[in-house]
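Right, one structure below, let's go through it.
The values are calculated or read from the model by the stated rules, or taken from the named source; none is laboratory data. None of these values were measured; they are calculated from a predicted model. Positions of Cβ are generated from backbone atoms using ideal geometry, with glycine treated the same way; all protein chains shown enter the neighbour counts. Just the protein is used for accessible areas: all its heavy atoms, side chains included, with ligands, DNA and RNA removed. Shrake-Rupley method; radii C 1.70, N 1.55, O 1.52, S 1.80 Å.
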Amino acid sequence: MVGKSKEITLTAQQKNAVDTIMNNDGVFLLHGVTGSGKTEVYMAVISEIIKQGKTAIMLAPEISLTPQMLSVFRERFGNRVGLMHSALSDGERFDEWLRLLKGEAVIALGARSAIFAPLQNVGAIIIDEEHDTSYISESNPRYFTEDIAKYRTKYNNCKLILGSATPSLGTYQKAKDKEYTLITLNKRVNHREMPDMEIIDMRQEVRAGNNNIFSRKLLLELEHTIKSGNQVMLFINRRGFSSFVRCRQCGYIPVCQSCDISLTYHKDDNQLKCHYCGQQYYMLTECPKCHSAHLAKGRIGTERVVEEVQKLFPEVKVLRMDFDTTSSKDSYAEILSAFGRKEAQVLVGTQMIVKGHDFKDVTLVGVLDADLSLYFSDFRSNENTYQIITQVAGRAGREKKAGKVVIQTYNPHHYVFRFAKNYDYLGFFDKESNIRETTKFPPYSKIVRILIRSKDEEKALIAARKCYNLMRELKPEQKEIFRVKAMRAPLKKLRSEYRFQVVVWIEKDGDNEALKKLYEIAAKISEKNVVTFVEINPTQMT
């Protein structure tokens, strides 16, 4: 099966994008608002590449996006598409790998591991939602997908296309500096305006006596959307029923015995769970410290949101999409397909529902605790929050129906919300870039973290001190190193291992000699029962 030759008329902006890519070489940044038709541009480019007798790699950030994208690509290209991602069984993965190797499939579609697809004569590599941190492997082998893509691009003399509605600051800066070719799609293909976005101050809701997790505005919009037969997507960046349990009497919060983090309450099985090591504990009936029975649950999670919607609208079918509901092989596709068939009117989810999904009857998107990600211990927290809000807002009003977005926050005056409300990426870029340049954070420097782990706390501490002292000695010799800090890792203990870190700042234009020396030092302090990892611009400083 070759696939149906479906005739698609590209918009003027899409045609210009395809022509620019096909008539030039190098790296391209396709900066297109949500709903601007970036996928059609990708497929048009791939069609041209295949006509030239070449192959292509198409990457999506989440496995959850792959089934929807697979159906679109197979409709266009038939069995010439090979699927590659970690949810496949070993047998399925081998079969797809073999088809790509033999040339039976000429398009590799999948998550980050598809960058290693055994294709010859690659003509184009496309990384959709290039800003997404899931393209960075945080387990061995550790790699940046974009680095591998650039290597294959150079080796095959092919085109590299990075697509996003909210490009990472580093990528957009390279486009501004003419290192990448910038292509802009600033209009939706259906000519609709972007969804109207309203920011709700939850502090005022509390003052008005509303203790519900939904603001009065979001409740009104929910009721109106459900009555009109349309669909709703509710986003919260936290799974479980609530994020922690706290004793109101003494303030005690239960933590994992193997990890230095609070446990999350899951109502379905009435358990406390650690989201890092998977350890499970019985729910407390009283505080183990002061024996008080007054236990309060902390911030809300996806389970709690589902329960509240069902209380308010008992006749409405609600689906939940998070790590807990998508553990089985086909659960991603089953949940999304059911929602697409309108078997449910409301979909509640974490970041899995933010990117790439296209449901024509979704007219309302609600974001709960929108400021939560502002307070992660990560220099990208403002950038990540802007990206999440813009991406999830883009799920509303994608077809003929107008969309509405309600953002609930306890910090409504933060500049992230001001720029997000107006879909002003350039304004946000200028503001955030100025802050990063002043504080010497990437892309205006490189941050290198040496993480030291051991089950023996004393050994880990000694190794961290040794590492820090060697880095300090290196600093005068390597002028591009301008800052060195040593500390316990934010997660002091994880999976029964004690964790310390040494963080080094290197000038943006520093050569690789300093990095080489850092790797040598990390290798030198690694010994029996002490593990070291080197991370460049880590996605999470946990």
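When the stretch 446-486 is limited to residues that are in contact with a Ser or Thr (Cβ under 9 Å, 6 or more places away or on another chain) and closer than 15 Å to E535 by Cβ, the one that is most open to solvent (accessible area, probe 1.4 Å) turns out to be R453.
The lone criterion from (1) part of a helix (DSSP H, G or I); (2) more than 14 Å from M197 (Cα to Cα) left unmet by Y386 is number (2). Does N230 satisfy being open to solvent by less than 30 Å² (accessible area, probe 1.4 Å) and without any contact (Cβ under 8 Å) to a residue 12 or more places away in the chain? Taking the combined requirement at face value, the residue does not satisfy it. Checking each residue in the stretch 305-351 for being within 23 Å of I388 (Cβ to Cβ) and of a type in the set (V, I, T) picks out V305, V306, V309, V318, T325, T326, I335, V346, V348, T350.
Of the candidates T409, T385, T390, the single residue that is more than 20 Å from T39 (Cβ to Cβ), touching a Ser or Thr at 6+ places or on another chain (Cβ under 8 Å) and surrounded by 23 or more Cβ atoms within 10 Å (Cβ to Cβ) is T385.
Among the numbered criteria (1) at pLDDT 95 or above; (2) more than 30 Å from A175 (Cβ to Cβ), which single criterion is violated by N434? Every condition holds for N434 apart from (2). Looking across the stretch 245-281 at every residue that is crowded, with 19+ Cβ neighbours inside 10 Å and among the hydrophobic types (A, V, I, L, M, F, W, C), the one that is modelled with the lowest pLDDT is identified as C259. Being of a type in the set (D, E, K, R) and either more than 17 Å from L59 (Cα to Cα) or free of Cβ contacts under 8 Å to residues at least 12 places away in the same chain (or both) is the filter here; which residues of the stretch 155-190 pass it? Once the filter is applied, which keeps residues that are of a type in the set (D, E, K, R) and either more than 17 Å from L59 (Cα to Cα) or free of Cβ contacts under 8 Å to residues at least 12 places away in the same chain (or both), the stretch 155-190 yields K174, K176, D177, K178, E179, K187, R188. May I ask you to verify whether A489 is touching a Lys or Arg at 6+ places or on another chain (Cβ under 7 Å), open to solvent by less than 20 Å² (accessible area, probe 1.4 Å) and at pLDDT 95 or above? So A489 fails the test. Within the stretch 188-226, the set of residues being open to solvent by 60 Å² or more (accessible area, probe 1.4 Å), charged (D, E, K, R) and more than 20 Å from T363 (Cα to Cα) comprises R203, R207. Only residues that are open to solvent by 20 Å² or more (accessible area, probe 1.4 Å) and of a type in the set (G, A, S) were counted across the stretch 499-542, and they come to 2.
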